[in-house]
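Notes follow once the structure below has been shown.
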Amino acid sequence: YHRLPESTAQIDSAQRTSLQIFIKQTPDSVGQSLDVAVSLYPVDIIAVRHEFFTETRPGKRFEDFLKERMKGRAPVNARLDKQGSGSVSLAPGSWWLHATLSGDEQLEWRLPVTVTGAKQVIELTPQNAYTRSKTF
(Lines give C-alpha, C1' and ligand atoms only; values in the text may rest on other atoms or scores of the structure.)
Protein backbone atom coordinates (compact mmCIF):
# COMPACT_ATOMS: atom_id res chain seq x y z
CA TYR A 1 0.00 0.00 0.00
CA HIS A 2 1.22 3.46 -0.85
CA ARG A 3 -1.32 5.20 1.38
CA LEU A 4 -4.20 4.41 3.68
CA PRO A 5 -7.73 4.41 2.26
CA GLU A 6 -10.00 7.38 2.93
CA SER A 7 -12.15 7.07 6.02
CA THR A 8 -15.52 5.48 5.38
CA ALA A 9 -17.26 8.47 6.96
CA GLN A 10 -15.81 10.80 4.31
CA ILE A 11 -16.75 8.45 1.48
CA ASP A 12 -20.24 7.87 2.86
CA SER A 13 -21.10 11.56 3.26
CA ALA A 14 -19.67 12.45 -0.15
CA GLN A 15 -21.88 9.89 -1.91
CA ARG A 16 -25.16 10.73 -0.19
CA THR A 17 -28.10 12.55 -1.74
CA SER A 18 -30.14 15.23 0.00
CA LEU A 19 -33.73 14.21 -0.71
CA GLN A 20 -36.31 16.94 -0.12
CA ILE A 21 -39.89 15.74 0.29
CA PHE A 22 -42.97 17.92 0.37
CA ILE A 23 -46.73 17.53 0.11
CA LYS A 24 -48.47 19.71 -2.42
CA GLN A 25 -51.55 21.05 -0.70
CA THR A 26 -54.81 21.27 -2.56
CA PRO A 27 -56.87 24.49 -2.37
CA ASP A 28 -59.25 22.92 0.16
CA SER A 29 -56.39 21.71 2.40
CA VAL A 30 -54.37 24.96 2.51
CA GLY A 31 -54.00 26.18 6.06
CA GLN A 32 -54.45 22.67 7.43
CA SER A 33 -51.57 21.73 9.76
CA LEU A 34 -49.59 18.76 8.44
CA ASP A 35 -47.48 16.31 10.43
CA VAL A 36 -46.61 13.27 8.33
CA ALA A 37 -44.26 10.34 9.02
CA VAL A 38 -42.26 9.18 5.99
CA SER A 39 -40.34 5.91 5.73
CA LEU A 40 -37.91 5.02 2.98
CA TYR A 41 -36.98 1.37 2.51
CA PRO A 42 -34.27 -0.10 0.27
CA VAL A 43 -36.79 -2.81 -0.77
CA ASP A 44 -40.49 -2.91 -1.56
CA ILE A 45 -41.68 -3.75 1.95
CA ILE A 46 -45.18 -4.65 0.76
CA ALA A 47 -43.75 -7.26 -1.64
CA VAL A 48 -41.45 -8.59 1.10
CA ARG A 49 -44.39 -8.84 3.52
CA HIS A 50 -46.45 -10.67 0.89
CA GLU A 51 -43.57 -13.08 0.19
CA PHE A 52 -43.10 -13.77 3.91
CA PHE A 53 -46.75 -14.53 4.61
CA THR A 54 -47.46 -16.62 1.47
CA GLU A 55 -44.91 -19.29 2.39
CA THR A 56 -44.56 -20.81 5.84
CA ARG A 57 -41.24 -20.05 7.52
CA PRO A 58 -41.12 -21.95 10.82
CA GLY A 59 -39.07 -20.20 13.48
CA LYS A 60 -38.38 -17.09 11.41
CA ARG A 61 -39.77 -13.71 12.40
CA PHE A 62 -40.79 -11.13 9.80
CA GLU A 63 -38.20 -8.66 11.14
CA ASP A 64 -35.39 -11.18 10.51
CA PHE A 65 -36.72 -11.96 7.03
CA LEU A 66 -36.89 -8.24 6.21
CA LYS A 67 -33.29 -7.70 7.39
CA GLU A 68 -32.15 -10.49 5.06
CA ARG A 69 -33.95 -8.89 2.11
CA MET A 70 -32.49 -5.45 2.87
CA LYS A 71 -28.96 -6.92 2.73
CA GLY A 72 -27.48 -4.82 5.52
CA ARG A 73 -29.13 -1.56 4.51
CA ALA A 74 -31.44 0.15 6.97
CA PRO A 75 -34.73 2.01 6.47
CA VAL A 76 -34.68 5.77 6.85
CA ASN A 77 -37.47 7.51 8.77
CA ALA A 78 -38.33 11.19 8.61
CA ARG A 79 -41.13 13.49 9.63
CA LEU A 80 -42.52 16.27 7.50
CA ASP A 81 -43.11 19.53 9.35
CA LYS A 82 -46.44 21.30 9.79
CA GLN A 83 -46.07 22.90 6.34
CA GLY A 84 -45.58 19.44 4.80
CA SER A 85 -41.87 19.56 3.97
CA GLY A 86 -38.76 17.77 5.16
CA SER A 87 -35.48 16.30 3.99
CA VAL A 88 -33.38 13.19 4.48
CA SER A 89 -29.92 12.11 3.44
CA LEU A 90 -29.82 8.84 1.48
CA ALA A 91 -27.31 6.65 -0.26
CA PRO A 92 -27.83 6.52 -4.04
CA GLY A 93 -29.90 3.64 -5.36
CA SER A 94 -33.47 2.35 -5.45
CA TRP A 95 -35.74 3.15 -2.50
CA TRP A 96 -39.46 2.86 -1.70
CA LEU A 97 -41.16 5.82 -0.05
CA HIS A 98 -44.13 5.15 2.27
CA ALA A 99 -46.21 7.94 3.81
CA THR A 100 -49.78 8.41 5.05
CA LEU A 101 -51.66 11.68 5.43
CA SER A 102 -54.74 11.39 7.63
CA GLY A 103 -57.68 13.75 7.62
CA ASP A 104 -61.14 13.88 6.05
CA GLU A 105 -59.56 12.01 3.18
CA GLN A 106 -56.67 9.64 3.91
CA LEU A 107 -53.90 9.54 1.32
CA GLU A 108 -51.25 6.83 1.25
CA TRP A 109 -48.10 6.92 -0.87
CA ARG A 110 -45.97 3.94 -1.95
CA LEU A 111 -43.55 5.37 -4.45
CA PRO A 112 -40.45 3.81 -6.00
CA VAL A 113 -37.66 6.40 -5.90
CA THR A 114 -34.35 6.25 -7.73
CA VAL A 115 -31.92 8.38 -5.75
CA THR A 116 -29.07 9.97 -7.74
CA GLY A 117 -27.02 13.15 -7.64
CA ALA A 118 -26.37 15.56 -4.79
CA LYS A 119 -29.91 16.91 -4.42
CA GLN A 120 -33.34 15.60 -5.38
CA VAL A 121 -36.95 16.71 -4.77
CA ILE A 122 -40.07 14.55 -4.41
CA GLU A 123 -43.53 16.06 -4.45
CA LEU A 124 -46.36 14.06 -2.87
CA THR A 125 -49.68 14.90 -4.52
CA PRO A 126 -53.17 13.35 -4.59
CA GLN A 127 -52.39 12.29 -8.17
CA ASN A 128 -49.35 10.17 -7.26
CA ALA A 129 -50.92 8.70 -4.09
CA TYR A 130 -51.26 4.91 -3.97
CA THR A 131 -54.67 5.03 -2.29
CA ARG A 132 -57.24 7.67 -1.43
CA SER A 133 -59.96 6.82 1.04
CA LYS A 134 -62.67 8.84 2.72
CA THR A 135 -62.76 8.69 6.53
CA PHE A 136 -66.06 8.79 8.32
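The values are calculated or read from the model by the stated rules, or taken from the named source; none is laboratory data. Small disclaimer: the values here were computed from a predicted structure and weren't measured. Here Cβ is always computed from backbone atoms with ideal geometry, including for glycine, and neighbour counts include all displayed protein chains. In case anyone asks, the SASA skips ligands and DNA or RNA and just uses the protein heavy atoms, side chains included. Shrake-Rupley method; radii C 1.70, N 1.55, O 1.52, S 1.80 Å.
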Consider only pairs whose beta carbons are under 9 Å apart and that are at least six residues apart or on different chains; among these, list those whose first residue lies in the stretch 48-75 and is in contact (Cβ under 8 Å) with a residue 12 or more places away in the chain and whose second residue is aromatic (Phe, Trp, Tyr) and exposed (fewer than 12 other Cβ atoms within 10 Å of the Cβ). Phe62/Phe53
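Among the residues of the stretch 65-120, which ones are part of a helix (DSSP H, G or I) and on the phi > 0 side of the Ramachandran plot?
none
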So Arg49 fits all but one of (1) surrounded by 13 or more Cβ atoms within 10 Å (Cβ to Cβ); (2) closer than 24 Å to Arg132 by Cβ; (3) touching a strand residue (DSSP E or B) at 6+ places or on another chain (Cβ under 8 Å); (4) of a type in the set (Lys, Arg); what number is the exception? (3)
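With Arg79, Arg69, Arg110 as the choices, which residue is basic (Lys, Arg) and more than 14 Å from the chain's Cα centre (by Cα)? Spell out how you get there, then give the answer.
On the way: Arg79 fails: more than 14 Å from the chain's Cα centre (by Cα); Arg110 fails: more than 14 Å from the chain's Cα centre (by Cα).
Step by step, each of Arg79, Arg69, Arg110 is checked, and only Arg69 is basic (Lys, Arg) and more than 14 Å from the chain's Cα centre (by Cα).
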For Asp44, indicate whether it is open to solvent by less than 80 Å² (accessible area, probe 1.4 Å), touching a residue at least 24 places away in the same chain (Cβ under 8 Å) and closer than 30 Å to Gln15 by Cα. yes
Considering the stretch 82-121 alone, what residues qualify as being in contact (Cβ under 8 Å) with a residue 60 or more places away in the chain, of a type in the set (Val, Ile, Thr) and open to solvent by 20 Å² or more (accessible area, probe 1.4 Å)? Thr100, Thr116, Val121
